[in-house]
Structure formats: structure tokens, C-alpha cells
Amino acid sequence: MKKINRKMIIILCTTIFFVITAGTVWAFFTNYVTVDGKANVTLTELSSNIKQETNGNKRSISINNTGEIPCFVRVKVIAVPNDTINIQTANGWSYNEDGYWYYENFINGAESTNNLEIEVTNKNTKAMVISETTEAWHDNSENAYADWNKVYNH
């Protein structure tokens, strides 16, 4: 009888050990936390418009940031039909080899660029003005820069 009691004690201890261990392991794999609450996120869009003043064959162009986000601006002027257009370098504008005039500083909401002066040399030529804006990004040193390759997919 001593052998049976000894076997029963070993079986009982082993069973208790596995029950306790299994509960701990089960608790480890089923642990979770629930959180209540919400946060409103508002996404704003860039928006701008072209302001033009015409005086004969001369045009004065500026871009107005009508949104709330600071943005960089670039402008392309295309002559239709292909003809010569004179553009005077204005304060804050610089020409790039890609055919765009870039405004060097970002403009905040409700602000405008300095004027870019365009002169059409031929009466039959129309000047088409295309403006583009991109959000003003900041690097680690808080310097603003434009990323003209950034694309948002909605």
C-alpha cells in the first residue's frame, strides 16, 4: 500500500504543477488592455489662387495662399503659340532649368508672393500661367524646404 500512496502523491503533485503552470501560460498569451477615448483629426488642404493685373502687354502676377498651411510656390509661364515672353526677375523669385520660377520663401496662410512681371512681345501671343504649391516641410534643424516630388493619394 505504501507504493500506491507514493504513486498517488507523485501523480497528484505533477497534476497540480501542470494545472498551475498551464494557467500562467494561458494568462500570458491572453493578456490585453482596452482603452476608451477618441481624438478628432482635421486634415487641411493646400489652396492658392493666381492674382493678375494686366496693363497692355504687361502682366503682374502674384500667388495668394488661401489655405492655412505654409506653402512653397512655383510658377510656369507658357507662351501660346510658342513665342518669346520676357519675365523680369522679381524680389524673391528665381528661375530654374526645369522651366519653373520658384518663390524662394514659403508663404503663410493669407499671404502672397511678390509680383512676377511678364511682358508679351507679340499681340497674338497668349501667356498661360500655371502655379503649383507644396507644403512647407521642416528638417531636423527646423529649416523649411519644399518637396516637389511628394504625392498624396486620396
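The values are calculated or read from the model by the stated rules, or taken from the named source; none is laboratory data. Quick caveat, the model's predicted, so the values are computed rather than measured. Neighbour counts are summed over all protein chains in view; Cβ atoms, including those assigned to glycine, are modelled from backbone coordinates with ideal geometry.
Miscellaneous remarks
- Here ALA127 meets each of (1) modelled with pLDDT of 90 or more; (2) small (Gly, Ala, Ser); (3) out of contact with any Asp or Glu (no Cβ under 6 Å at 6 or more places or on another chain) with one exception, condition (1).
- Within the range 105-135, tally of residues that are closer than 16 Å to ILE69 by Cα and either hydroxyl-bearing (Ser, Thr, Tyr) or surrounded by fewer than 18 Cβ atoms within 10 Å (Cβ to Cβ) (or both): 10
- Those residues of the range 103-144 which are in contact with a strand residue (DSSP E or B) (Cβ under 9 Å, 6 or more places away or on another chain), free of Cβ contacts under 8 Å to residues at least 40 places away in the same chain and not acidic (Asp, Glu), in sequence order: ASN105, ASN122, TRP137, HIS138
- Residue match in the range 19-42 (condition: modelled with pLDDT of 80 or more and either assigned to a loop (DSSP other than H, G, I, E, B) or surrounded by 10 or more Cβ atoms within 10 Å (Cβ to Cβ) (or both)): no
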